[in-house]
Amino acid sequence: MGRVVVVQNDATGGPGRFGTWLTEAGLNLEVVHAYDGAPVPEQLDGRALVVLGGGYMPDEDGRAPWLAATRRLAAQALEQGAPFFGICLGGQLLAHVAGGTVKARHGAPEAGSTPLRLRADASGDALFHNLPGRVTAIERHVDSITALPPGAVWLMESERCPYQAFRVGERAWGVQFHPEAAAERIRGWNPERLRQQGFDPEELQRTAEGDEPAAEAVWRRVALRFSAVAAG
């Protein structure tokens with residue numbers, strides 16, 4: 001059975017349905033509640049790595065001191081060719097560690113179900129090949145990747161944020177969106193903050209619920225593909 005270290009950076013930002021799909025595929029998830037003081041492992045020891053989202057920059061060690069250890073573990077995954085999947089902050093952290101750039105409050109914010117476009121280079125990717133040309137995913141970010149790492153493969157984009165998905169090497173992926181988040185997650189977001197950012201909370205909820213069946217099928221497929229990489 002393959003094992004996966006999952007670094008959780010926020011109390012409400014667990015692995016969600018992505019973790020459920022990995023478990024259903026036979027992987028053993030070891031969720032590290034880093035936000036609550038649980039130590040991030042020093043060594044992967046043959047395990048895959050998933051880093052979840054959170055409201056931090058990838059090097060914001062003053063607010064989130066565990067990020068330094070998480071960056072070291074991500075660098076270890078790249079050095080060893082261990083399977084890695086980074087979501088939102090986790091994707092930004094992968095970009096940062098591999099030599100890309102991430103900027104705080106850069107560009108227009110994205111929230112709710114967001115249309116994504118598959119790029120041509122995704123056709124040869126182990127996780128993103130043969131996905132629909134247009135798919136949606138839940139987004140919630142104000143920080144953005146502004147330059148991909150050298151040699152990274154650019155897989156997906158959106159209208160407001162170009163770097164939605166990318167791969168570093170052969171087995172490390174980063175995404176800006178939240179494949180683990182179902183439409184119901186939006187109900188827990190601060191409605192006033194959403195309005196301040198120019199979003200209608202009720203419209204976000206309705207759109208996400210309408211998009212969910214197709215989106216869930218796509219991200220489940222991606223999760224199962226990552227499971228095969230992690231188990232192999």
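The values are calculated or read from the model by the stated rules, or taken from the named source; none is laboratory data. What you see is a predicted model; the values in this text were computed from it and never measured. No Cβ is skipped: glycine too gets one built from the backbone with ideal geometry, and neighbour counts run over all protein chains shown. In case anyone asks, the SASA skips ligands and DNA or RNA and just uses the protein heavy atoms, side chains included. Shrake-Rupley method; radii C 1.70, N 1.55, O 1.52, S 1.80 Å.
For the range 9-42, give me each residue that is open to solvent by less than 10 Å² (accessible area, probe 1.4 Å) and without any contact (Cβ under 8 Å) to a residue 60 or more places away in the chain.
Ala34
Restricting to the range 62-72, give me the number of residues that are open to solvent by less than 50 Å² (accessible area, probe 1.4 Å) and out of contact with any strand residue (DSSP E or B) (no Cβ under 6 Å at 6 or more places or on another chain).
Within the range 62-72, the subset open to solvent by less than 50 Å² (accessible area, probe 1.4 Å) is 64, 66-71.
Within this subset, residues satisfying the condition of being out of contact with any strand residue (DSSP E or B) (no Cβ under 6 Å at 6 or more places or on another chain) are 64, 66-69, 71.
Looking only at that region, the number is 6.
Exactly one condition in (1) touching a helix residue (DSSP H, G or I) at 6+ places or on another chain (Cβ under 7 Å); (2) open to solvent by less than 20 Å² (accessible area, probe 1.4 Å); (3) in a strand (DSSP E or B) is not met by Thr114; state its number.
Among (1) touching a helix residue (DSSP H, G or I) at 6+ places or on another chain (Cβ under 7 Å); (2) open to solvent by less than 20 Å² (accessible area, probe 1.4 Å); (3) in a strand (DSSP E or B), the lone unmet condition for Thr114 is (1).
Could you tell me whether the range 164-176 includes any residue that is aliphatic (A, V, I, L, M) and assigned to a helix (DSSP H, G or I)? Steps first, please.
Kept after step one, since they are aliphatic (A, V, I, L, M), are these residues of the range 164-176: 165, 168, 172, 175.
Then drop every residue that is not assigned to a helix (DSSP H, G or I), which leaves none.
No, there is no match, as no residue in the range 164-176 is aliphatic (A, V, I, L, M) and assigned to a helix (DSSP H, G or I).
Report whether or not Ala68 is of a type in the set (Gly, Ala, Ser), in a helix (DSSP H, G or I) and over 22 Å from Met156 (Cα atoms). So that I can check it myself, show each step before the final result.
Numbers: of a type in the set (Gly, Ala, Ser): yes; in a helix (DSSP H, G or I): yes; over 22 Å from Met156 (Cα atoms): yes.
Yes, satisfied.
Here is a list of conditions, (1) assigned to a loop (DSSP other than H, G, I, E, B); (2) open to solvent by less than 10 Å² (accessible area, probe 1.4 Å), and Gln92 meets all of them except one; can you say which number that is?
All conditions pass for Gln92, except number (1).
Kindly provide the set of residues from the range 182-202 that are under 25 Å from Pro15 (Cα atoms) and outside any helix (DSSP H, G or I), ordered by number.
Selection gives Ala182, Trp189, Asn190.
Got at least one residue in the range 43-61 being buried (at least 17 other Cβ atoms within 10 Å of the Cβ) and over 26 Å from Ser227 (Cβ atoms)? Show your work before the answer.
Step one: of the range 43-61, the residues buried (at least 17 other Cβ atoms within 10 Å of the Cβ) are 44, 47-54, 56-58.
Then drop every residue that is not over 26 Å from Ser227 (Cβ atoms), which leaves 56-57.
Yes, some residue in the range 43-61 is buried (at least 17 other Cβ atoms within 10 Å of the Cβ) and over 26 Å from Ser227 (Cβ atoms).
Tell me which of these Ala120 doesn't satisfy, since it passes every other one: (1) surrounded by fewer than 21 Cβ atoms within 10 Å (Cβ to Cβ); (2) closer than 20 Å to Leu22 by Cβ.
Every listed condition holds for Ala120 apart from (2).
When the residues of the range 123-160 are narrowed to those that are of a type outside the set (D, E, K, R), in a loop (DSSP other than H, G, I, E, B) and at pLDDT below 95, which ends up least open to solvent (accessible area, probe 1.4 Å)? Give the derivation first.
Keep residues of the range 123-160 that are of a type outside the set (D, E, K, R), which gives 123-124, 126-133, 135-138, 141-142, 144-156, 158.
The next check asks that each one be in a loop (DSSP other than H, G, I, E, B); those that pass are 126-133, 142, 148-152, 158.
Keeping just the survivors that are at pLDDT below 95 gives 132-133, 142.
Working: Pro132: 51, Gly133: 52, Val142: 33 Å².
Applying the filter and picking the extreme gives Val142.
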